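The values are calculated or read from the model by the stated rules, or taken from the named source; none is laboratory data. Not measured: the values here are computed from a predicted model. Cβ placement follows ideal geometry from the backbone for every residue including glycine, while neighbour counts extend to all protein chains displayed.
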Amino acid sequence: MESKLEYIFDFLSDLKRNNTREWIHRRENERRYDIVQRTMEQWVSFLLMDMDDIEDTHGLKAKQCLFRIWRDTRFSKDKTPCKTYVSAAICKGGRKNPDRAVYYIQISPGGESFVAGGIYMPDSDHLKKIRTAIMKDGERLKRILKEPKLKKTFGTLSLLKLKTLPRDYKNADLTPTQRELLPYTSFIVEQKLSDKLVLSKNFDAELVEMFRIIKPFNDWLNQALT
(Lines give C-alpha, C1' and ligand atoms only; values in the text may rest on other atoms or scores of the structure.)
Protein backbone atom coordinates (compact mmCIF):
# COMPACT_ATOMS: atom_id res chain seq x y z
CA MET A 1 0.00 0.00 0.00
CA GLU A 2 1.37 3.41 -0.96
CA SER A 3 2.05 5.63 2.06
CA LYS A 4 0.52 9.10 2.21
CA LEU A 5 3.95 10.65 1.61
CA GLU A 6 4.99 8.28 -1.20
CA TYR A 7 2.63 10.04 -3.62
CA ILE A 8 4.28 13.33 -2.66
CA PHE A 9 7.72 11.80 -3.25
CA ASP A 10 6.67 10.64 -6.72
CA PHE A 11 5.38 14.08 -7.66
CA LEU A 12 8.46 15.87 -6.33
CA SER A 13 10.80 13.45 -8.12
CA ASP A 14 9.06 14.25 -11.40
CA LEU A 15 9.13 17.97 -10.58
CA LYS A 16 12.90 17.88 -10.02
CA ARG A 17 13.32 16.58 -13.57
CA ASN A 18 10.77 18.96 -15.12
CA ASN A 19 10.80 22.20 -13.15
CA THR A 20 9.23 24.47 -15.78
CA ARG A 21 6.01 26.46 -15.89
CA GLU A 22 4.91 24.51 -18.94
CA TRP A 23 5.21 21.21 -17.06
CA ILE A 24 3.61 22.33 -13.80
CA HIS A 25 0.65 23.88 -15.63
CA ARG A 26 -0.23 20.76 -17.59
CA ARG A 27 -3.67 19.70 -16.49
CA GLU A 28 -2.57 16.30 -15.17
CA ASN A 29 0.26 17.86 -13.14
CA GLU A 30 -1.99 20.56 -11.73
CA ARG A 31 -4.32 17.76 -10.61
CA ARG A 32 -1.39 15.89 -9.07
CA TYR A 33 -0.24 18.99 -7.21
CA ASP A 34 -3.78 19.53 -5.93
CA ILE A 35 -3.61 16.03 -4.43
CA VAL A 36 -0.19 16.85 -2.93
CA GLN A 37 -1.62 19.98 -1.28
CA ARG A 38 -4.63 18.15 0.14
CA THR A 39 -2.43 15.28 1.34
CA MET A 40 -0.08 17.69 3.12
CA GLU A 41 -2.97 19.54 4.73
CA GLN A 42 -4.43 16.30 6.04
CA TRP A 43 -1.06 15.04 7.24
CA VAL A 44 -0.16 18.28 9.04
CA SER A 45 -3.64 18.37 10.59
CA PHE A 46 -2.93 15.02 12.21
CA LEU A 47 0.50 16.25 13.33
CA LEU A 48 -1.13 19.24 15.03
CA MET A 49 -3.33 16.90 17.04
CA ASP A 50 -0.37 14.73 17.99
CA MET A 51 1.60 17.82 19.10
CA ASP A 52 -0.97 19.38 21.39
CA ASP A 53 1.16 18.59 24.45
CA ILE A 54 4.29 20.05 22.80
CA GLU A 55 2.99 23.30 21.30
CA ASP A 56 -0.21 25.29 21.70
CA THR A 57 -1.94 24.19 18.49
CA HIS A 58 -5.48 25.06 19.62
CA GLY A 59 -7.33 26.59 16.67
CA LEU A 60 -4.29 26.30 14.42
CA LYS A 61 -5.03 25.18 10.85
CA ALA A 62 -2.66 23.19 8.64
CA LYS A 63 -2.82 25.90 5.97
CA GLN A 64 -1.33 28.37 8.46
CA CYS A 65 1.74 26.12 8.77
CA LEU A 66 2.34 25.09 5.15
CA PHE A 67 4.64 26.99 2.79
CA ARG A 68 3.84 27.65 -0.86
CA ILE A 69 5.65 25.54 -3.41
CA TRP A 70 6.06 28.53 -5.75
CA ARG A 71 9.40 30.31 -5.62
CA ASP A 72 9.86 34.09 -5.65
CA THR A 73 12.10 34.46 -8.70
CA ARG A 74 12.00 38.26 -9.03
CA PHE A 75 15.54 38.82 -7.73
CA SER A 76 17.03 35.40 -8.42
CA LYS A 77 19.14 34.16 -11.31
CA ASP A 78 17.46 30.79 -10.86
CA LYS A 79 14.10 31.13 -12.63
CA THR A 80 12.78 27.64 -11.95
CA PRO A 81 9.21 28.28 -10.77
CA CYS A 82 8.86 25.74 -7.96
CA LYS A 83 10.63 24.50 -4.88
CA THR A 84 11.40 20.80 -5.14
CA TYR A 85 10.18 20.14 -1.62
CA VAL A 86 7.12 20.69 0.56
CA SER A 87 7.46 22.06 4.06
CA ALA A 88 5.66 23.21 7.17
CA ALA A 89 6.56 25.33 10.20
CA ILE A 90 4.42 24.47 13.20
CA CYS A 91 4.03 26.95 16.03
CA LYS A 92 1.33 28.90 17.83
CA GLY A 93 -0.05 31.41 15.33
CA GLY A 94 1.37 29.59 12.31
CA ARG A 95 4.45 30.01 10.16
CA LYS A 96 4.07 33.81 9.89
CA ASN A 97 4.38 34.34 13.64
CA PRO A 98 7.86 35.92 14.12
CA ASP A 99 7.59 35.80 17.92
CA ARG A 100 7.69 32.02 18.21
CA ALA A 101 10.27 29.29 17.67
CA VAL A 102 9.07 26.74 15.12
CA TYR A 103 8.99 22.99 14.64
CA TYR A 104 9.94 22.55 10.99
CA ILE A 105 9.61 19.61 8.61
CA GLN A 106 10.77 19.55 4.99
CA ILE A 107 9.91 16.65 2.69
CA SER A 108 12.03 16.01 -0.39
CA PRO A 109 13.12 12.74 -2.05
CA GLY A 110 16.74 11.76 -2.51
CA GLY A 111 17.66 11.99 1.18
CA GLU A 112 16.96 15.73 1.25
CA SER A 113 14.21 15.69 3.88
CA PHE A 114 15.02 17.11 7.29
CA VAL A 115 13.51 18.10 10.61
CA ALA A 116 14.50 21.23 12.51
CA GLY A 117 13.55 23.49 15.35
CA GLY A 118 14.30 26.98 16.57
CA ILE A 119 14.46 30.41 14.95
CA TYR A 120 16.05 31.04 11.55
CA MET A 121 17.57 34.47 10.86
CA PRO A 122 15.59 36.52 13.40
CA ASP A 123 15.33 40.25 12.74
CA SER A 124 17.48 42.64 14.75
CA ASP A 125 14.92 43.17 17.52
CA HIS A 126 14.35 39.46 18.06
CA LEU A 127 18.07 38.70 17.85
CA LYS A 128 18.74 41.37 20.49
CA LYS A 129 16.18 39.72 22.82
CA ILE A 130 17.83 36.33 22.37
CA ARG A 131 21.30 37.77 23.03
CA THR A 132 19.99 39.55 26.12
CA ALA A 133 18.64 36.21 27.34
CA ILE A 134 22.03 34.59 26.67
CA MET A 135 23.64 37.20 28.88
CA LYS A 136 21.16 36.40 31.67
CA ASP A 137 20.50 32.70 31.20
CA GLY A 138 22.97 31.33 28.65
CA GLU A 139 24.08 28.52 30.94
CA ARG A 140 20.61 26.98 30.88
CA LEU A 141 20.56 27.11 27.08
CA LYS A 142 23.97 25.42 27.05
CA ARG A 143 22.64 22.66 29.33
CA ILE A 144 19.64 22.15 27.04
CA LEU A 145 21.91 21.83 24.00
CA LYS A 146 24.09 19.30 25.83
CA GLU A 147 21.13 17.17 26.93
CA PRO A 148 21.95 13.61 25.70
CA LYS A 149 18.83 13.02 23.59
CA LEU A 150 19.07 16.37 21.82
CA LYS A 151 22.81 16.06 21.29
CA LYS A 152 22.47 12.51 19.93
CA THR A 153 19.58 13.38 17.60
CA PHE A 154 20.58 16.85 16.41
CA GLY A 155 24.20 17.43 17.34
CA THR A 156 24.83 21.10 18.00
CA LEU A 157 23.50 24.42 16.71
CA SER A 158 23.67 24.95 12.96
CA LEU A 159 26.76 27.03 12.23
CA LEU A 160 25.01 30.23 11.19
CA LYS A 161 27.13 32.71 13.11
CA LEU A 162 29.47 35.66 12.99
CA LYS A 163 33.22 35.09 12.89
CA THR A 164 33.65 37.36 15.89
CA LEU A 165 31.56 38.63 18.79
CA PRO A 166 28.78 41.10 17.95
CA ARG A 167 29.99 44.69 18.15
CA ASP A 168 27.96 45.52 21.28
CA TYR A 169 29.63 42.71 23.23
CA LYS A 170 33.28 42.94 22.16
CA ASN A 171 34.35 44.82 25.29
CA ALA A 172 32.02 43.04 27.71
CA ASP A 173 33.19 40.76 30.51
CA LEU A 174 31.84 37.46 29.17
CA THR A 175 31.76 33.87 30.33
CA PRO A 176 32.95 31.13 27.93
CA THR A 177 29.31 30.16 27.31
CA GLN A 178 28.35 33.72 26.42
CA ARG A 179 31.34 33.99 24.07
CA GLU A 180 30.27 30.77 22.40
CA LEU A 181 26.58 31.59 21.93
CA LEU A 182 26.48 35.34 21.27
CA PRO A 183 27.92 35.19 17.70
CA TYR A 184 25.04 33.05 16.41
CA THR A 185 22.68 34.76 13.98
CA SER A 186 20.26 31.81 13.84
CA PHE A 187 19.36 29.37 16.57
CA ILE A 188 18.54 26.14 14.78
CA VAL A 189 18.99 22.44 15.43
CA GLU A 190 18.37 20.11 12.49
CA GLN A 191 18.70 16.53 11.33
CA LYS A 192 18.49 14.99 7.88
CA LEU A 193 15.97 12.20 7.31
CA SER A 194 16.41 9.19 5.07
CA ASP A 195 13.79 8.39 2.45
CA LYS A 196 13.31 5.03 4.16
CA LEU A 197 12.37 6.70 7.44
CA VAL A 198 10.07 9.28 5.84
CA LEU A 199 8.15 6.56 3.99
CA SER A 200 7.98 4.18 6.96
CA LYS A 201 4.75 3.51 8.83
CA ASN A 202 6.33 4.78 12.07
CA PHE A 203 7.45 8.12 10.65
CA ASP A 204 4.69 10.24 12.22
CA ALA A 205 5.43 8.90 15.69
CA GLU A 206 9.18 9.32 15.26
CA LEU A 207 8.75 12.86 13.94
CA VAL A 208 6.61 13.87 16.92
CA GLU A 209 9.22 12.35 19.24
CA MET A 210 11.91 14.46 17.56
CA PHE A 211 9.74 17.54 18.06
CA ARG A 212 9.38 16.52 21.71
CA ILE A 213 13.19 16.45 22.03
CA ILE A 214 13.34 19.96 20.50
CA LYS A 215 10.72 21.34 22.90
CA PRO A 216 13.04 22.50 25.76
CA PHE A 217 15.18 24.35 23.19
CA ASN A 218 12.16 26.05 21.64
CA ASP A 219 10.72 26.81 25.08
CA TRP A 220 13.94 28.63 26.01
CA LEU A 221 13.79 30.68 22.82
CA ASN A 222 10.11 31.51 23.30
CA GLN A 223 10.83 32.69 26.84
CA ALA A 224 13.67 34.85 25.50
CA LEU A 225 11.34 36.46 22.95
CA THR A 226 8.71 37.32 25.56
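For the stretch 79-100, does any single residue satisfy the condition of being farther than 21 Å from Leu60 by Cβ, in a helix (DSSP H, G or I) and of a type in the set (D, E, K, R)? Steps first, please.
Initially, the stretch 79-100 is screened for residues farther than 21 Å from Leu60 by Cβ, giving 79-85.
Then keep just the ones that are in a helix (DSSP H, G or I); that gives none.
No: the stretch 79-100 contains no residue that is farther than 21 Å from Leu60 by Cβ, in a helix (DSSP H, G or I) and of a type in the set (D, E, K, R).
Among what's in the stretch 95-106 and is within 22 Å of Ser194 (Cα to Cα) and buried (at least 22 other Cβ atoms within 10 Å of the Cβ), pick the residue that is nearest to the chain's Cα centre (by Cα). If you could, list the steps in order and put the result at the bottom.
Restricting attention to the stretch 95-106, the residues satisfying the condition of being within 22 Å of Ser194 (Cα to Cα) are 102-106.
Keeping just the survivors that are buried (at least 22 other Cβ atoms within 10 Å of the Cβ) gives 102-105.
Details: Val102: 6, Tyr103: 5, Tyr104: 3, Ile105: 5 Å.
That would be Tyr104.
Within the stretch 23-42, restricting attention to residues that are of a type in the set (A, V, I, L, M, F, W, C) and farther than 24 Å from Pro98 by Cα, the residue that is farthest from the chain's Cα centre (by Cα) is Trp23. Check Lys63 against each of (1) out of contact with any helix residue (DSSP H, G or I) (no Cβ under 8 Å at 6 or more places or on another chain); (2) without any contact (Cβ under 8 Å) to a residue 40 or more places away in the chain and name the one condition it does not meet. Here Lys63 meets the rest and fails (1). Just a yes or no: is a residue in the stretch 55-62 charged (D, E, K, R), over 26 Å from Phe9 (Cα atoms), modelled with pLDDT of 95 or more and within 13 Å of the chain's Cα centre (by Cα)? No, because not a single residue in the stretch 55-62 is charged (D, E, K, R), over 26 Å from Phe9 (Cα atoms), modelled with pLDDT of 95 or more and within 13 Å of the chain's Cα centre (by Cα).
Given the criteria among the charged types (D, E, K, R) and in a helix (DSSP H, G or I), does Asp34 qualify? If you could, list the steps in order and put the result at the bottom.
On the way: among the charged types (D, E, K, R): yes; in a helix (DSSP H, G or I): yes.
Yes, satisfied.
Picking from residues in the stretch 107-137 that are within 17 Å of the chain's Cα centre (by Cα) and not in a loop (DSSP other than H, G, I, E, B), the one that is surrounded by the fewest Cβ atoms within 10 Å (Cβ to Cβ) is Phe114.
Looking only at the stretch 169-216, which residues are touching a strand residue (DSSP E or B) at 6+ places or on another chain (Cβ under 6 Å) and in a helix (DSSP H, G or I)? If the condition is that a residue be touching a strand residue (DSSP E or B) at 6+ places or on another chain (Cβ under 6 Å) and in a helix (DSSP H, G or I), then Val198, Met210, Phe211, Ile214 are the ones that fit.
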